[in-house]
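Here's the structure we're looking at; comments come further down.
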Amino acid sequence: MSSGTKGRLKIYLGYAAGVGKTYRMVQEAQALRQKGVDIVIGYFESHGRQETIAQTEGLEVVPRRILTYNGSEFEEMDVEAVLRRKPAVALVDELAHTNVPGCERLKRWQDVHALLDAGIDVLTTMNVQHLESLNDQVFHATGIHVRETVPDWVVDEADELVFVDLTPRALRNRLERGVVYAPEKARRAMENFFTETNLTALREMALRHTAYEVEEKLVANPAAASETPGAAPDSQTSARTERILICLTGRPSSAILIRRGKRVADYLHADCLAVHVKVNETDREAVERHMSFARNLRIETNVVQSRDVARAITEFARSKQITQIFMGRSLPQPWWKAFRETVVQRVVRQARDLQITIVAERRRSGTM
């Protein structure tokens, strides 16, 4: 499978545990082994599912690395051992996993990139709720805050994305039969995260994202797009002139702004920038966390010093040829300033030629 110096990445995407991502991945590994491809298991998580375990028979497994943290032992992928073994292909389950402290890298997707950089092809799995830009949508749809996320660009750069589908009703049936979890855990799961409403919402997100990724690949490969009925790569030309600006503050809602703005930019094939107007040193640490988060999503970050926030945003936007500005709502003003314009109102007035999106801080009651 390997071509050139960098390995190829194939992601099996699902919308919940138990849809069959790992099973499909291991099936492909067996097919490759039958063709004589040098393939190993770098990390495999069976969750005790016997059907999936049976599929691994005959595949070489690189022993895991054991680390001690807070008095407990944890098993992680031994990246260095896989690199020394240097197979043509490595299976690495659960791309969104966070490594235990003591590992060279914080995230498993970073381990996977180390393998890819060494010319090793990787087959891996993840669920759509772990996609960074969907974090807020997943929370509002399910009430669950997903802590482990993968930057969108990691998935965007995958050479192949395979959506492993199963209807919510069929998945719940698998839970009831004890195929996914032990009976008591399955019962709790069906009452909480694995409700049919939650599963339907997540499945729709996964379907939409897979369709988006397929369209992206067609646009990136005009020859393939021209051979596809109904494909129109030229339709993206005007969208490529869009430039999006995200206005950051130290408020927690800036994380929502970053995800929303980046996702819109990705859909529009637009450049995405972020700016923070520095008035004083207030919220410096919080602002830097947001800037670091934005940089991790490959957003260009900028800091402008000014006491006139609205004018600074408008002038920066025009200097960078911005077409859309994303802002959070202004904080409520004290009574003695009730008739003064907020920063958002002033930006709207000063930048009438630009599209301005005010992102609300939606709250969900009764969350976990």
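General remarks:
- Residue match in region 147-156 (condition: more than 28 Å from residue 89 (Cβ to Cβ) and under 15 Å from the mean Cα position of the chain (by Cα)): yes
- Within this structure, residue 136 fails the test of being in contact (Cβ under 8 Å) with a residue 60 or more places away in the chain, over 13 Å from the mean Cα position of the chain (by Cα) and under 24 Å from residue 294 (Cα atoms).
- Taking each residue of region 331-350 that is in the same structural domain as residue 312 (by TED's automatic domain parsing) and outside any helix (DSSP H, G or I) and looking for partners that are modelled with pLDDT of 65 or more and of a type in the set (S, T, N, Q) with beta-carbon atoms closer than 8 Å, six or more apart or interchain, yields 333/342; 342/330.
- With respect to the conditions (1) farther than 22 Å from residue 11 by Cα; (2) within 19 Å of the chain's Cα centre (by Cα); (3) modelled with pLDDT under 90, residue 198 lacks only one, and its number is (3).
- For region 211-224, the count of residues that are of a type in the set (Gly, Ala, Ser), closer than 27 Å to residue 127 by Cα, modelled with pLDDT of 85 or more and out of contact with any strand residue (DSSP E or B) (no Cβ under 7 Å at 6 or more places or on another chain) is zero.
- Test: residue 135 is surrounded by 15 or more Cβ atoms within 10 Å (Cβ to Cβ), assigned by TED's automatic domain parsing to the domain that holds residue 80 and closer than 17 Å to residue 22 by Cβ: no
- Within region 58-74, residues that are farther than 30 Å from residue 33 by Cβ sit with their Cβ atoms under 6 Å from residues that are surrounded by 16 or more Cβ atoms within 10 Å (Cβ to Cβ), at 6+ positions apart or across chains, in these pairs: 69/100.
- If only residues of region 109-124 that are crowded, with 24+ Cβ neighbours inside 10 Å and not in a helix (DSSP H, G or I) are counted, the one that is nearest to the chain's Cα centre (by Cα) is 124.
- Filtered by the rule that a residue be crowded, with 19+ Cβ neighbours inside 10 Å and assigned to a helix (DSSP H, G or I), region 267-298 gives 268, 287, 290, 291, 293, 294.
- Out of 300, 285, one residue alone is at pLDDT 85 or above and in contact with a Cys (Cβ under 8 Å, 6 or more places away or on another chain). It is 300.
- Scan region 89-104 for residues that are in contact with a Gly (Cβ under 9 Å, 6 or more places away or on another chain) and assigned to a strand (DSSP E or B) and the total you get is 4.
- Screening residue 9 on (1) farther than 19 Å from residue 164 by Cβ; (2) in contact with an Asp or Glu (Cβ under 6 Å, 6 or more places away or on another chain); (3) of a type in the set (A, V, I, L, M, F, W, C) shows it passes everything except condition (1).
- Unique residue being crowded, with 22+ Cβ neighbours inside 10 Å, over 21 Å from residue 150 (Cβ atoms) and in contact (Cβ under 8 Å) with a residue 60 or more places away in the chain when the list is 16, 29, 88: 29
A quick yes/no check of all residues on (1) buried (at least 21 other Cβ atoms within 10 Å of the Cβ); (2) under 22 Å from residue 45 (Cβ atoms); (3) of a type in the set (Val, Ile, Thr); (4) modelled with pLDDT under 95:
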{"position": "139", "(1), (2), (3), (4)": "no, no, no, yes"}
{"position": "160", "(1), (2), (3), (4)": "no, yes, no, yes"}
{"position": "167", "(1), (2), (3), (4)": "no, no, yes, yes"}
{"position": "170", "(1), (2), (3), (4)": "no, yes, no, yes"}
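- Qualifying helices (runs of 4 or more DSSP H) (wholly inside region 145-217; at least 2 residues being in contact (Cβ under 8 Å) with a residue 24 or more places away in the chain): 152-156, 168-176
The values are calculated or read from the model by the stated rules, or taken from the named source; none is laboratory data. Being a predicted model, the structure only gives us computed values, none of them experimental. FYI the Cβ positions are ideal-geometry reconstructions off the backbone, even for glycines, and counts take in every protein chain you see.
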